[in-house]
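Chemist: Here it is: the structure, laid out below.
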Amino acid sequence: MKASEFRKLIREEIKKTLNEAYETTIAGDIIKGTGDKWPDVNVKSADDGFITLSQKINGRTSKIILSKKQFAKLIKGA
């Protein structure tokens, strides 16, 4: 997956997130140059205005909770 395709996918997910509560998974892919696999990212949006990003790496789950404004700012910066 190219970086531009990944950004487009994320932007589409942001639009959904800002408009409704839902849960989806952004599929992982191979990192160029290393051959390592980037794990899937689970995106969960709730009616309370927060977005949870979680990712399972080496059997452990990492989780980040952001407001919709913080999430939009993070993606815009990427």
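The values are calculated or read from the model by the stated rules, or taken from the named source; none is laboratory data. None of the values given here were measured: they were computed from a predicted structure. Neighbour counts run over all protein chains shown; Cβ positions are idealised from the backbone, glycine included.
Chemist: Could you tell me whether the stretch 3-14 includes any residue that is in a loop (DSSP other than H, G, I, E, B) and modelled with pLDDT under 85?
Modeler: There is no residue in the stretch 3-14 that is in a loop (DSSP other than H, G, I, E, B) and modelled with pLDDT under 85.
Chemist: On to the next question. Select from the stretch 45-78 the residues that are in contact with a helix residue (DSSP H, G or I) (Cβ under 8 Å, 6 or more places away or on another chain), part of a loop (DSSP other than H, G, I, E, B) and either free of Cβ contacts under 8 Å to residues at least 60 places away in the same chain or not hydrophobic (A, V, I, L, M, F, W, C) (or both) and list them in ascending order.
Modeler: The answer is GLY49, and nothing else.
Chemist: Among the residues of the stretch 46-77, write down those that are loosely packed, with under 10 Cβ neighbours inside 10 Å, at pLDDT below 85 and either closer than 18 Å to ARG11 by Cα or charged (D, E, K, R) (or both).
Modeler: ASP47, ASP48, LYS76, GLY77
Chemist: Out of the stretch 31-45, which residues are surrounded by 13 or more Cβ atoms within 10 Å (Cβ to Cβ) and more than 17 Å from ARG11 (Cα to Cα)?
Modeler: Within the stretch 31-45, the subset surrounded by 13 or more Cβ atoms within 10 Å (Cβ to Cβ) is 38-45.
TRP38, PRO39, listed by residue number.
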